[in-house]
Amino acid sequence: MSNANNTTRELRGVLVRWATLIVLFGVFALWATCRMNQAVERLASSGGSSTSLTNGTEPTIEYWTCTMHPDVRQDEAGDCPICGMELVAKYEGASEPGVKPTMSNVANHMAHAQSDGSASKQKKKWYRCTMPECGDQGSSDPNSRCPVCGMKREDVSGDAESDDVGEYETTLSERARRLADVETVIAEPKLLKKRIRTVGRVTYDETRFKMVSAWMGGRIDKLFADFTGMSVNEGDHLVDLYSPDLLAAQEEYLQAYRNAANNSMQSNVMQRSNQQVLTSARRKLELLGITAEQIAAIEQSNEPQTRLVVYAPIGGTIIKKQAMEGMYVKTGDPLYSIADLTHLWLLVDLYESDLPWVKPFQEVRLTTKSLPGEVFNGQIVFVDPRVDPATRTVAVRMHVANPDLRLKPDMWLTAEIDAGLAAGGKGAVPAPKGDYACPMHTWAAEEKPGNCSICGMQLVAVEKLPQYATPTDSSPILAVPRGAVMQTGTRALVYVESAAGVYRGVEITAGPLAQDDDGDDWYPVLSGLNGGEAVVVRGNFAIDSQMQLAGKPSLFSTRGFAADISVTNDDLGQPSEIKHPANGRMTTQQKICPVMEGEINPEVFIEYKGAKIYFCCWGCDKKFVDDPDEYLAKLPPAIQKTIRSNQNERANDD
């Protein structure tokens, strides 16, 4: 009985499973039928407008392009020289590459061509995802959704560029401009300055650093300046030195002094001899470091002094003390090192690229973290004529006044050098403080002729100094904000709003990044742009991506932007022959890539049979090497001649 029940339950389970499968299959068949009916209705509603050409004629191919790099255009089928993908055809009358035109598109295209621009073509509705990061190419189906984020596509037909703009222009609708947050400013001359910010180390002024040494051998009996860091004035006593040599020299001087005092009882010859001996003995005492006051005291007491007091030669701070009481010293032994800290040096290292903006007599703004809010003023006085081969930097010295002794040696200071920009984007040259300066100490300038306060040399006119340059003042220069310039390293591009919603790409020659009085960053424009034009400062990357999607020249395209001038041989890619002014020989310059026929990249080249050949991008070099005979005719004649001559020489050698 139990076996019969088990068998019944198993049969019921099998029947349930089969019934479930049959129901699922029926649901799937019903869903598939509905989808097929919708597709048939959609095709029926489109009518003849979606039918392809049926008259047996093939549509005309305008060019071959890459779907990943629309700026790549070739006359023949092949692979993309950038990514290697197979190129697709762009048919005449088709809205996008890879799609053959329909009868209605061809008719519209022919009607548009025959009307010579008098009647505008009715644009096809196009729908695209509004999220830029999705990179959606769009569709003509109004009910379609983005394949990345799933959002419903919106009508962007009005965002597409119009047909009447040039090759280097694109248009954006008002809605597209709002989404891209496009903002423009007027390019106009501005007063700019190049700011160099660096860090330097404070050190002693070597012209105000003195060493006190023993002028004779002896013993230090008394030490007056007895610790490092003591401040002394010029003429303060430092040590009391006992020296046997000093006693002998004083005895010799006193004897000569007494003999000279009794000249009235001696002949003229003896008087002259005694006077010569006295002068020689006095000179000996002076060479031993005895001052005129000390010699007068010896003459007055008529007795030799057993000790010599050594005085400070300058006022300052004792940086190093070697002297100790009771220590015996020899002639020339150092006793003290004294530095005047009211004037200091600041040493900084600048890169080679900063040197055009650094000039002697330039003012420097100095700050330090140890004294927040305090600003010190310095002046550049010396630029090292050598470059450090290890760091590729140049040492620059600045003078800093320190009357309150708030700055200490070996402190780190932040230096800001503001170099004003003159005409042509060059740095302004500051004027010296005076009309006359010392050839050895150029910072010791005076208004009138005289002698140097440091070395005593006669001052000369500043125009005769080797490092003198004619002073120039800062002047306004055409500039655009930093955000307006798009750079690749070799090119600088800005977009100009030539009309409402119409943007044109312009290549410019940009100067060094500079700042205005408010601290905002600006690029001076040396060429390529006119004053008064509206330059895009925000949303320019969105405009550039629109240019790239349209297959027009863009920031990273291989084709450059043409200037607004008449077409020349260079614009057509033909080789230009230039006569060298020195030897009169003819040389030929390569202007275009022999493979893509686009603008060459100076960093992409190969050495081929003794000639250097440039290309627009990597990938063209491989195609050239695989079949050089196909592209040799596109090279300048001089390069062709070099390659052929090298080929003949190798053939003769073989």
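The values are calculated or read from the model by the stated rules, or taken from the named source; none is laboratory data. For clarity, every value in this text was computed on a predicted model and none was experimentally measured. Positions of Cβ are generated from backbone atoms using ideal geometry, with glycine treated the same way; all protein chains shown enter the neighbour counts. What goes into the accessible areas is simple: the full protein's heavy atoms, side chains included, and nothing from ligands, DNA or RNA. Shrake-Rupley method; radii C 1.70, N 1.55, O 1.52, S 1.80 Å.
Taking residue 398, is it part of a loop (DSSP other than H, G, I, E, B) and in contact (Cβ under 8 Å) with a residue 12 or more places away in the chain? Don't jump to the end; show me each part of the working.
Details: part of a loop (DSSP other than H, G, I, E, B): no; in contact (Cβ under 8 Å) with a residue 12 or more places away in the chain: yes.
In short, no.
Would you confirm whether any residue within segment 341-353 is under 25 Å from residue 234 (Cα atoms), in a loop (DSSP other than H, G, I, E, B) and of a type in the set (A, V, I, L, M)?
yes
Name the residue, out of 370, 475, 453, that is polar (S, T, N, Q), within 23 Å of residue 208 (Cα to Cα) and out of contact with any strand residue (DSSP E or B) (no Cβ under 7 Å at 6 or more places or on another chain). Can you show your working first?
On the way: 370 fails: within 23 Å of residue 208 (Cα to Cα); 475 fails: within 23 Å of residue 208 (Cα to Cα).
When all the criteria are applied, what remains is 453.
Restricting attention to segment 82-104, and to residues there that are modelled with pLDDT of 80 or more and in a loop (DSSP other than H, G, I, E, B), which single residue is surrounded by the most Cβ atoms within 10 Å (Cβ to Cβ)?
87
Give me a count of the residues in segment 317-370 that are open to solvent by less than 20 Å² (accessible area, probe 1.4 Å), of a type outside the set (S, T, N, Q) and under 26 Å from residue 242 (Cα atoms).
Total meeting the criteria: 6.
From the list 606, 639, exactly one residue is at pLDDT 85 or above and of a type outside the set (Asp, Glu). Which is it?
On inspection, the qualifying residue turns out to be 606.
Residues that are touching a residue at least 60 places away in the same chain (Cβ under 8 Å) and closer than 30 Å to residue 174 by Cβ: which strands (runs of 3 or more DSSP E) entirely in segment 411-519 hold 2 or more of them?
Those strands (runs of 3 or more DSSP E) span 477-481, 492-499, 502-507.
Considering only segment 65-81, how many residues are under 32 Å from the mean Cα position of the chain (by Cα), at pLDDT 80 or above and among the charged types (D, E, K, R)?
Total meeting the criteria: 0.
Assess whether residue 290 counts as being among the hydrophobic types (A, V, I, L, M, F, W, C) and not in a helix (DSSP H, G or I).
yes
Which of the following residues is at pLDDT 90 or above and not hydrophobic (A, V, I, L, M, F, W, C): 301, 273, 337?
From the options 301, 273, 337, the qualifying one is 337.
Does residue 477 satisfy the criteria of being among the hydrophobic types (A, V, I, L, M, F, W, C) and within 30 Å of residue 442 (Cβ to Cβ)?
Numbers: among the hydrophobic types (A, V, I, L, M, F, W, C): yes; within 30 Å of residue 442 (Cβ to Cβ): yes.
For residue 477, the condition - among the hydrophobic types (A, V, I, L, M, F, W, C) and within 30 Å of residue 442 (Cβ to Cβ) - is met.
Could you list all residues from segment 478-526 that are of a type in the set (Phe, Trp, Tyr) and either open to solvent by 50 Å² or more (accessible area, probe 1.4 Å) or out of contact with any Gly (no Cβ under 7 Å at 6 or more places or on another chain) (or both)?
503, 522, listed by residue number.
If you go through segment 186-194 one residue at a time, do you hit one that is surrounded by fewer than 18 Cβ atoms within 10 Å (Cβ to Cβ), in contact with a helix residue (DSSP H, G or I) (Cβ under 9 Å, 6 or more places away or on another chain) and of a type outside the set (Ser, Thr, Tyr)?
No.
For residue 234, state whether it is within 30 Å of residue 508 (Cβ to Cβ), part of a loop (DSSP other than H, G, I, E, B), open to solvent by 80 Å² or more (accessible area, probe 1.4 Å) and touching a residue at least 12 places away in the same chain (Cβ under 8 Å). Walk me through it before giving the result.
Numbers: within 30 Å of residue 508 (Cβ to Cβ): no; part of a loop (DSSP other than H, G, I, E, B): yes; open to solvent by 80 Å² or more (accessible area, probe 1.4 Å): yes; touching a residue at least 12 places away in the same chain (Cβ under 8 Å): yes.
Considered against the rule, which asks whether it is within 30 Å of residue 508 (Cβ to Cβ), part of a loop (DSSP other than H, G, I, E, B), open to solvent by 80 Å² or more (accessible area, probe 1.4 Å) and touching a residue at least 12 places away in the same chain (Cβ under 8 Å), residue 234 comes out as no.
For segment 174-231, please list each of the strands (runs of 3 or more DSSP E) lying entirely inside it that holds at least 3 residues being within 32 Å of the chain's Cα centre (by Cα) and modelled with pLDDT under 90.
none
Can you tell me which of (1) open to solvent by less than 20 Å² (accessible area, probe 1.4 Å); (2) at pLDDT 80 or above; (3) among the small types (Gly, Ala, Ser); (4) within 30 Å of residue 502 (Cβ to Cβ) is the one residue 551 doesn't meet?
(2)
Given the criterion modelled with pLDDT under 90 and farther than 16 Å from residue 473 by Cα, identify the matching residue among 384, 435.
That would be 435, the only listed residue that is modelled with pLDDT under 90 and farther than 16 Å from residue 473 by Cα.
When segment 595-651 is examined, which residues are found to be of a type in the set (Ser, Thr, Tyr) and touching a helix residue (DSSP H, G or I) at 6+ places or on another chain (Cβ under 6 Å)?
Matches in segment 595-651: 631 only.
Kindly provide the set of residues from segment 418-477 that are open to solvent by 30 Å² or more (accessible area, probe 1.4 Å) and within 24 Å of residue 523 (Cα to Cα), ordered by number.
418, 423, 424, 426, 430, 471, 472, 473, 474, 475, 476
Of the conditions (1) part of a strand (DSSP E or B); (2) crowded, with 17+ Cβ neighbours inside 10 Å; (3) of a type in the set (Ser, Thr, Tyr), residue 253 fails just one. Which one is it?
Failed condition: (1).
Yes or no: residue 32 modelled with pLDDT of 70 or more and either small (Gly, Ala, Ser) or surrounded by fewer than 14 Cβ atoms within 10 Å (Cβ to Cβ) (or both)?
Judged against the criteria, residue 32 is a match.
Which of the residues that make up segment 527-548 are surrounded by fewer than 22 Cβ atoms within 10 Å (Cβ to Cβ), among the hydrophobic types (A, V, I, L, M, F, W, C) and closer than 17 Å to residue 187 by Cα?
Kept after step one, since they are surrounded by fewer than 22 Cβ atoms within 10 Å (Cβ to Cβ), are these residues of segment 527-548: 527-534, 537-539, 541-542, 545-546, 548.
Narrowing further to those that are among the hydrophobic types (A, V, I, L, M, F, W, C): 529, 534, 537, 541-542.
Answer for segment 527-548, where residues must be surrounded by fewer than 22 Cβ atoms within 10 Å (Cβ to Cβ), among the hydrophobic types (A, V, I, L, M, F, W, C) and closer than 17 Å to residue 187 by Cα: 529, 534, 537.
Looking at segment 50-59, is at least one residue assigned to a helix (DSSP H, G or I), at pLDDT below 75 and open to solvent by 60 Å² or more (accessible area, probe 1.4 Å)?
For segment 50-59, residues assigned to a helix (DSSP H, G or I), at pLDDT below 75 and open to solvent by 60 Å² or more (accessible area, probe 1.4 Å): present.
Going residue by residue through segment 360-380, is there one that turns out to be touching a residue at least 40 places away in the same chain (Cβ under 8 Å), in contact with a Pro (Cβ under 6 Å, 6 or more places away or on another chain), more than 27 Å from residue 316 (Cα to Cα) and not β-branched (Val, Ile, Thr)?
Taking every residue of segment 360-380 in turn, at least one turns out to be touching a residue at least 40 places away in the same chain (Cβ under 8 Å), in contact with a Pro (Cβ under 6 Å, 6 or more places away or on another chain), more than 27 Å from residue 316 (Cα to Cα) and not β-branched (Val, Ile, Thr).
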